[in-house]
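J.: Take a look at the following structure, please.
The values are calculated or read from the model by the stated rules, or taken from the named source; none is laboratory data. Computed from a predicted structure; not experimentally measured. Glycine also receives a Cβ, built like all others from the backbone with ideal geometry; neighbour counts cover every protein chain displayed. Ligands, DNA and RNA are excluded from the accessible area calculation, which covers all protein heavy atoms including side chains. Shrake-Rupley method; radii C 1.70, N 1.55, O 1.52, S 1.80 Å.
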Amino acid sequence: ESWLLPWCQFFEYGGDTLHGPAYGPTSHSTAASSTPSSSSAFRHVVPSRQIVERQPRMLDFRVEYRDRNVDVVLEDSSTVGDIKHILENELQIPATKMLLKGWKTGDVDDSTVLKTLHLPKNNSLYVLTPDLPPPSSSHSGALQESLNQNFMLIVTHREVQREYNLNFSGSSTIQEVKRNVYDLTSIPVRHQLWEGWPPSATDDSMTLAVSGLTFPCHRLTVGRRSSPVQTREQSEEQCTDVHMVSDSDGDDFEDATEFGVDDGEMFGVASSALRKSPMMPENAENEGDALLQFTAEFSSRYGDCHPVYFIGSLEAAFQEAFYGKARDRKLLAIYLHHDESVLTNVFCSQMLCAESIVSYLSQNFITWAWDMTKEANRARFLTMCTRHFGSVVAQTIRTQKTDQFPLFLIIMGKRSSNEVLNVIQGNTTVDELMMRLMAAMEIFSAQQQEDIKDEDEREARENVKREQDEAYRISLEADRAKREAQEREMAEQFRLEQIRKEQEEEREAIRLSLEQSLPPEPKEESTESVSKLRIRTPSGEFFERRFLASSKLQVVFDFVASKGYPWEEYKLLGTFPRRDVTQLDPNKSLLEVKLYPQETLFLEAKE
């Protein structure tokens, strides 16, 4: 207790209130001469011989559920379940269906006492109801649409009279905006004095979509808050609640590094646990997969309005940009990211995601990206750089310090090699970045016009040669077709001639066979009945022959056929009466068909 006695002289006890400077035990002289500061990161409870009755500490909660906000005020001796019971009456939702989220100390249950969570005075929570169906009203759709929109915040830095055009998605919080402004202005969040926020923007954890900002543009002004010297009475008043660890929300620890405390280790949490996911996996085997993760992480950090990164290897990006037709070629822009650079966040969100830059890059460039944060990825890119651009460019990039990142390399493809036109560092503005991109385009356009002219002349020569080759080919085709047609015609004539000869030979053989099979012609003085037939051919010739009246009609047909007029092709007609003899029964005798004793017949070709 020896150290306590001098300290007891600095405190007065009035009722239940403890007055005095909020310091822990250091030295008597220091405590007596120093003016206490309310911005200390920690306040120590002053030991005392007396038992001081502790006043209840009230905690304020703003709970967000869909399109509603409910304010809840409770003592820190209450439990999480007490909050749910209040919300059950306000929201008409069973407490068993609620998931209360937003705790900064991890998961809690209904029996958790608020005092054990060491909460600040003002807190923001939100309710999830996964077991309940979503509302069918249009408010949910409108909120989701607002979360997906991009807000343009025109922030004026009052002291230097400079404007910043900042793009944020509707899902970004006011706290994220203030931290980005800190990167630009070097004004810590706790020292920022703002003008222009809507009256509804009362909580830094609120998203821009529900804060009441004017869409798509909203003007804000920021300056540095003055820090007047505090009086002894002000210090004592601020330190009334000495039993509290801290009444500050997250803003008071924005620049804890000024006091030698790392912002990641302030509450015993490693700084790496607070960092975002890496832009690219370390030692990625496939460059395309690495670029897919890079694009997804870039979108989650800075929104969907960003350059379209080529997914594939650097060689594939060269092929896409440089090796097409001259009119289709583009410049290659290589973006080199580094998470540990203080310029990265501002460069990505304000320069690289500006609509004018995104549009210009998409029209005139193939954009490829790589993350230089990890040493293995850095070494891999330097190897690629040496192979494609030479050791000089690789050495230039190797000597760049971390705070000079990110880098933007502008590459132009040439006939024999690839030329680096420009290396743009991260400490630039949108206007300067656009001017340097346009300057690179001017150089590229001049080279492209020469390439187009050479390509057109080469294509003209190739077209003439192609036309000549085509004409020669057509001439050869025509000659070959003519020769083949003649050969086909000769072959057809030969085939027809062969058929005709075969038919004649067959017909002659049949004729001779019939002629030999005919019975002998009876003599005129024959004692048997004889029929004399006179036959006229289609050519007007006549031939006569005698047949026995008992001979069958088929013998007459065979005789006519033996003269070259087969009955399949010719019909034999009688005169009086006119009749077609070939229609009669060939097995009947001449006497029966009334061709006795004589008859004149004539031959007619069948149709």
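J.: Once you sort the root eigenvalues of the Cα gyration tensor of the stretch 530-605 as a ≥ b ≥ c, which label holds: rounded (a/c under 1.5), prolate (a/b larger than b/c) or oblate (the other case)?
T.: rounded
J.: Separate question: Order the peptides 580-593, 165-178 from the highest to the lowest mean number of other Cβ atoms within 10 Å of their residues.
T.: For the peptides 580-593, 165-178, the packing ranking is 165-178, 580-593.
J.: Something else now. ALA439: net charge of surrounding residues, Cβ under 15 Å, Lys/Arg +1, Asp/Glu -1, itself excluded?
T.: Within the 15 Å Cβ shell, the charges total -3.
J.: Give me the one-decimal nm value for the distance between modelled label points at SER359 and LYS325, 7 Å along each residue's Cα-to-Cβ direction.
T.: 2.7 nm
J.: Relative contact order for the stretch 530-605: what is it in percent, counting Cα pairs under 8 Å that are at least 6 residues apart?
T.: 46 percent
J.: Would you please give the FRET efficiency between LEU591 and GLU504, computed as 1/(1 + (r/R0)^6) with r the Cβ-Cβ distance and R0 = 30 Å, to the nearest 0.05?
T.: Calculated value: 0.25.
J.: So, R0 is 22 Å and r is the distance between the beta-carbons of THR428 and ARG398; what FRET efficiency does that work out to, to 0.05? Write out the running numbers ahead of the final one.
T.: On the way: r = 21 Å, r/R0 = 0.96.
That gives a FRET efficiency of 0.55.
J.: Among the listed pairs LYS374/LYS414; LYS84/LYS121; LYS330/LYS465; LYS115/LYS178; LYS374/LYS401; LYS523/LYS571, which have their C-alpha atoms separated by more than 24 angstrom in this model?
T.: The pairs that break the limit, which is 24 Å between Cα atoms, are LYS374/LYS414; LYS330/LYS465; LYS115/LYS178; LYS523/LYS571.
J.: Considering only the other residues whose Cβ falls under 12 Å of the Cβ of PHE318, what net charge follows from Lys and Arg at +1 and Asp and Glu at -1?
T.: Details: positive: ARG329, LYS330, ARG387, LYS414; negative: GLU315, GLU320.
Once all neighbours under 12 Å are counted, the net charge is +2.
J.: Heads up, I need the accessible area for GLU88: 1.4 angstrom probe, whole protein in place, Å², nearest 10.
T.: 60 Å²
J.: Compute the length gained on full extension between GLU604 and GLU75: take 0.36 nm times their separation in residues and subtract their Cα-Cα distance, giving the result in nm to one decimal.
T.: My answer for the length gained is 177.3 nm.
J.: Run the quick spin-label model on ARG224 and ARG458: label points 7 Å from Cα toward the beta carbon, then report their separation in nm to one decimal.
T.: Label-label distance for ARG224 and ARG458, simple model: 6.1 nm.
J.: Could you tell me the calculated FRET efficiency between ARG483 and SER111, based on Cβ-Cβ distance and R0 = 60 angstrom, to the nearest 0.05?
T.: Here the calculated transfer efficiency is 0.05.
J.: Ignoring any ligand, DNA or RNA, what whole percent of the accessible area of the stretch 530-605 comes from carbon and sulfur when the probe is 1.4 angstrom?
T.: Values: 1990 of 4080 Å².
Answer for the stretch 530-605: carbon and sulfur cover 49 percent of the accessible area.
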